[in-house]
Amino acid sequence: MRDSAIKAMAGPRPVVLSGPSGAGKSTLLKKLMKEYDSVFGFSVSHTTRNPRPGEENGRDYHYVTREVMQAGIDNGDFIENAEFSGNMYGTSKAAVQDVQAKNLICILDIDMQGVRNIKRTDLNPIYISIQPPSMEILEKRLRDRKTESEESLQRRLRAARVDMEFSKEPGVFDVIIVNDVLEESYGQLRNALLEVSYRTQTYIK
Ligand SMILES: Nc1ncnc2c1ncn2[C@@H]1O[C@H](COP(=O)(O)OP(=O)(O)OP(=O)(O)O)[C@@H](O)[C@H]1O
Ligand SMILES: Nc1nc2c(ncn2[C@@H]2O[C@H](COP(=O)(O)O)[C@@H](O)[C@H]2O)c(=O)[nH]1
C-alpha cells in the first residue's frame with residue numbers, strides 16, 4: 001500500500017528490526033531505548049495476543065480484540081498487518097506518526113510478512129535482521145523465556161526456519177546481526193544505527 005499520509009510525516013529514516021521470535025529483538029531494543037531515548041522512538045504495534053507478565057498496554061503493544069483490530073484494518077488505519085503464531089499484529093499509521101512527530105528515529109519490530117508489506121509502502125526504512133546463532137539456541141531461548149505454550153513454541157520455531165531462509169535472500173536486509181554474545185550484538189546494532197543517524201543528521205554519541 002502506498003501512503004502519502006505517512007510520507008508527508010517523513011522525518012529521519014525509520015528502522016525495521018526483524019528476525020525470528022526469540023532471536024533477541026526486544027532485548028536489544030530495550031537496551032537501545034534505555035541508552036538513546038532522545039534519539040529513537042518505538043513504534044507501538046497492535047496485537048490480539050494476551051499481554052505477558054510485565055508488559056504494559058500502550059508501551060509494549062496496544063492489546064486489542066480481533067474485532068477491534070479488523071475494524072482498524074478495514075478503516076485503513078494500518079500500514080501493515082500480519083497473522084503470526086495464531087494472533088494478529090500490525091503497525092498503525094498513528095504509531096509511526098507519533099514517533100516521527102517527536103522527530104525521533106522510528107523503530108519497528110515486525111515479522112517477515114511485515115517486512116514484505118512495508119517494502120510495498122513509501123516508508124523507506126533501513127532493514128536490520130536479528131538472527132539467532134542456531135535453531136538449537138533459539139529453541140533454548142524461547143523455552144527459557146517461558147512465555148509460550150508448547151503449541152505456540154512449535155509454531156514460532158516453524159516460522160523461524162522460514163524466516164532464517166528469508167533473511168538470506170539478497171537485498172532484503174541492509175544489515176544482518178547474529179545475536180550470540182549480547183554485548184557484541186548490541187555494539188553491532190549501535191554501530192549500524194550510528195551510521196543511520198549520521199546519514200539522517202540525528203546525531204548520537
Ligand atoms: N545474546 C543473548 N544471549 C542469551 N540470551 C539472550 C540473548 N538475547 C536475548 N536473549 C534472551 O532470549 C529470549 C528471547 O529474547 P527476546 O524476547 O528479546 O526475543 P525477540 O526476538 O524479541 O522475540 P519475539 O519476537 O518473540 O518478541 C529472552 O529471554 C532474552 O533474555
Ligand atoms: N508484521 C508485524 N509483526 C509484528 C508486529 N509487532 C510485532 N510483530 C512480530 O510478531 C512476532 C511475535 O511477537 P511477540 O511479541 O508475540 O513475541 C515477532 O516476530 C514480532 O517481530 C507488527 O506490528 N507487525
Test for Pro133: is it open to solvent by 40 Å² or more (accessible area, probe 1.4 Å) and either within 27 Å of Gly187 (Cα to Cα) or in a strand (DSSP E or B) (or both): yes
Residue among Asp180, Asp144 that alone is modelled with pLDDT of 95 or more and exposed (fewer than 13 other Cβ atoms within 10 Å of the Cβ): Asp144
Strands (runs of 3 or more DSSP E) wholly inside the range 17-112 that include at least 3 residues being modelled with pLDDT of 95 or more and out of contact with any His (no Cβ under 8 Å at 6 or more places or on another chain): 78-84, 105-109
Among (1) modelled with pLDDT of 95 or more; (2) buried (at least 17 other Cβ atoms within 10 Å of the Cβ); (3) within 24 Å of Arg13 (Cα to Cα); (4) more than 16 Å from ligand 1 (Cβ to nearest atom) - the single one Arg120 does not satisfy: (2)
Identity of the residue in the range 163-188, among the β-branched types (Val, Ile, Thr) and in a loop (DSSP other than H, G, I, E, B), that ends up nearest to ligand 2 (Cβ to nearest atom): Val172
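The values are calculated or read from the model by the stated rules, or taken from the named source; none is laboratory data. Note that the structure is predicted; figures quoted are calculated from it, not measured. Cβ sites come from the backbone with ideal geometry, for glycine too, and all protein chains shown count toward neighbours. Accessible surface is based on the protein model in full, side chains and every heavy atom, while ligands, DNA and RNA are left aside. Shrake-Rupley method; radii C 1.70, N 1.55, O 1.52, S 1.80 Å.
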